[in-house]
């Protein structure tokens with residue numbers, strides 16, 4: 001990957017890794033990628049990062065479904081769950097494919113450059 005894409009990816013990895021509720025697997029894949037920058041394992045760890053992020057990003061329909069579920073109410077509380085579901089519907093209507101939380105936004109940005117990263 002070229003230097004501009006590498007710099008962008010490093011920045012976005014650091015962003016999602018700093019989100020307290022980002023899943024541990026994504027944080028581990030991000031850390032492994034950062035550790036591999038400039039080594040012979042960089043491409044391998046970039047692929048592992050992309051694979052993990054594709055599993056972890058929250059599609060907006062799943063966000064809405066979770067927020068509307070009993071499990072979502074248990075996690076968020078009743079009022080927040082209603083607000084999250086309403087927000088999910090609002091961003092979906094505006095064309096969003098994924099959740100727009102502070103963890104998913106940088107992950108989506110990375111996935112948009114997947115071909116350049118794996119190039």
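Please verify whether residue 5 is within 19 Å of residue 119 (Cα to Cα) and either touching a strand residue (DSSP E or B) at 6+ places or on another chain (Cβ under 9 Å) or assigned by TED's automatic domain parsing to the domain that holds residue 112 (or both), treating the condition exactly as stated. Here the answer is yes, as residue 5 does meet what is asked. Of all residues in segment 98-119, those that are surrounded by fewer than 19 Cβ atoms within 10 Å (Cβ to Cβ), under 12 Å from the mean Cα position of the chain (by Cα) and assigned to a loop (DSSP other than H, G, I, E, B) total 3. Selection of segment 4-29 for residues being surrounded by fewer than 18 Cβ atoms within 10 Å (Cβ to Cβ) and either assigned to a loop (DSSP other than H, G, I, E, B) or at pLDDT below 95 (or both) yields 18, 19, 20, 21, 23. Checked against (1) without any contact (Cβ under 8 Å) to a residue 12 or more places away in the chain; (2) in contact with a strand residue (DSSP E or B) (Cβ under 7 Å, 6 or more places away or on another chain), residue 27 meets all criteria but (2). Scanning segment 75-85 for residues that are at pLDDT below 95 and buried (at least 16 other Cβ atoms within 10 Å of the Cβ) yields one hit, 76. Would you confirm, using the coordinates I've provided, whether residue 32 is under 20 Å from residue 19 (Cα atoms), touching a strand residue (DSSP E or B) at 6+ places or on another chain (Cβ under 7 Å) and either assigned to a helix (DSSP H, G or I) or in contact (Cβ under 8 Å) with a residue 40 or more places away in the chain (or both)? No.
In segment 48-71, what residues are more than 30 Å from residue 34 (Cβ to Cβ) and under 19 Å from the mean Cα position of the chain (by Cα)?
Once the filter is applied, which keeps residues that are more than 30 Å from residue 34 (Cβ to Cβ) and under 19 Å from the mean Cα position of the chain (by Cα), segment 48-71 yields 61, 64, 65, 67.
One line per residue, one yes/no per condition, for (1) surrounded by 14 or more Cβ atoms within 10 Å (Cβ to Cβ); (2) in the same structural domain as residue 17 (by TED's automatic domain parsing):
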site	(1), (2)
38	no, yes
41	yes, yes
52	yes, yes
73	yes, no
87	yes, no
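The values are calculated or read from the model by the stated rules, or taken from the named source; none is laboratory data. Note that the coordinates shown come from a computational prediction; the quantities given were computed from them, not determined experimentally. Backbone-built Cβ (ideal geometry, glycine too); neighbour counts: all protein chains shown.
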